[in-house]
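Just below is one structure, and these are the notes that go with it.
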Amino acid sequence: MQKGDKIYIYFHADLDGVVSAFLMKKLLLAEGYTAEYGEYLNYGRVVKEGWNEYPFKEPFVIIDFKYHPKAIGYVDHHETHKMDCDLSGLQYCIFEPKAKACTGLLEKLAESKGVKLGRVKRLITQSEIVDAADYPKFGLKPIDYILPKRGFLKVARAIEDDNTIIPRILHDLDEMRIADWFDFRLESLAQKKYVRKIMINLRGRVKKSFTDFKSSSKIVGDTVVYDFYGKEFFRYMPGVVYLKSKYWLGLVERDGNFAIKMGVNPWSKTRDAESNIDVGVIAKKYGGGGHKAVAAIPGLTNYDEAKRVLEEVKQKFVEKII
Ligand SMILES: [Mn+2]
């Protein structure tokens with residue numbers, strides 16, 4: 001690689017992935033490269049079945065997503081993504097499963113290269129709160145995420161709700177001057193029309209989903225189990241209905257794509273104490289992935305298959321056997 005060469009940045013389609021891609025671009029530009037955003041990535045069938053043949057524009061780096069052997073850089077914190085390959089030859093590589101988000105890893109990486117990213121502390125902390133679901137520590141309730149009042153949560157929600165705004169978000173981040181200087185980027189983005197539009201649209205849908213959740217969920221042992229086939233699910237909704245529950249496990253569907261979601265309730269005391277279930281390990285057995293406290297099995301092709309996996313995983317939760 002020579003100075004001026006173009007490097008593409010591929011990243012996970014969530015707040016951490018987007019913000020980390022923005023920071024990676026800053027780093028690469030400071031290092032004298034030309035940097036361009038490649039594409040935002042989501043877990044699903046394409047990644048599950050055709051990852052090795054994925055049409056990356058090269059050379060490229062991957063942020064906050066599954067490793068690819070052709071990547072010249074890799075930044076991640078998902079234990080289940082750990083590979084047996086040698087990452088030491090990669091120019092821009094940092095893998096720390098204990099990190100709360102990739103944003104902090106980008107800062108570390110920049111420091112190791114002697115690059116100053118500017119004022120990014122606030123931006124990094126906000127991404128860490130969202131990615132690690134550190135909400136209780138900051139006095140935020142499940143509903144504060146689902147229908148947010150805080151600017152950084154509005155941006156996180158908007159990205160989650162409509163991935164197609166990601167290129168606009170990145171463009172606006174790159175163009176920011178004053179908000180960039182004052183480290184008020186996400187608050188500034190929250191004022192944008194395309195974010196506000198999503199926030200208004202969410203209200204009615206959340207109300208409906210809340211009603212649906214009450215009728216489509218039950219408590220099994222210490223786990224909230226839900227089946228949201230044909231209904232719209234919102235992350236942390238189990239916490240709105242059952243604030244004190246320990247574990248959450250459910251089936252969700254979007255556009256014919258089925259997934260099993262599972263995790264420790266971020267608002268329960270279990271989270272800080274030792275949990276005897278490692279959901280990342282369970283998910284990996286079914287071709288999914290994640291962390292100890294939150295994981296998913298995406299890419300399930302039909303309801304029957306999803307339902308079968310849900311039942312099997314439910315048994316593991318009941319018996320506390322992984
Ligand atoms: Mn992340």
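The values are calculated or read from the model by the stated rules, or taken from the named source; none is laboratory data. Since this is a predicted model, take the numbers as computed values, not measurements. In this analysis, Cβ positions are derived from the backbone assuming ideal geometry, glycine residues included, and neighbour counts consider all displayed protein chains.
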(request) Assess whether SER245 counts as being over 23 Å from HIS78 (Cα atoms), part of a loop (DSSP other than H, G, I, E, B) and modelled with pLDDT under 95. (result) yes
(request) Report those strands (runs of 3 or more DSSP E) wholly inside the stretch 1-94 carrying at least 2 residues which are within 16 Å of the ligand (Cβ to nearest atom) and more than 18 Å from ASP174 (Cβ to Cβ). (result) 73-76
(message) Going by what's in this entry, would PHE152 be described as within 16 Å of the ligand (Cβ to nearest atom) and in a helix (DSSP H, G or I)?
(response) yes
(request) Scan the stretch 126-143 residue by residue and report those that are within 19 Å of ALA293 (Cβ to Cβ), more than 14 Å from the ligand (Cβ to nearest atom) and free of Cβ contacts under 8 Å to residues at least 60 places away in the same chain. (result) LYS137, PHE138, LEU140
(request) Just need a number here: residues in the stretch 97-125 that are in a helix (DSSP H, G or I), closer than 27 Å to GLY263 by Cβ and within 16 Å of the ligand (Cβ to nearest atom). (result) 10
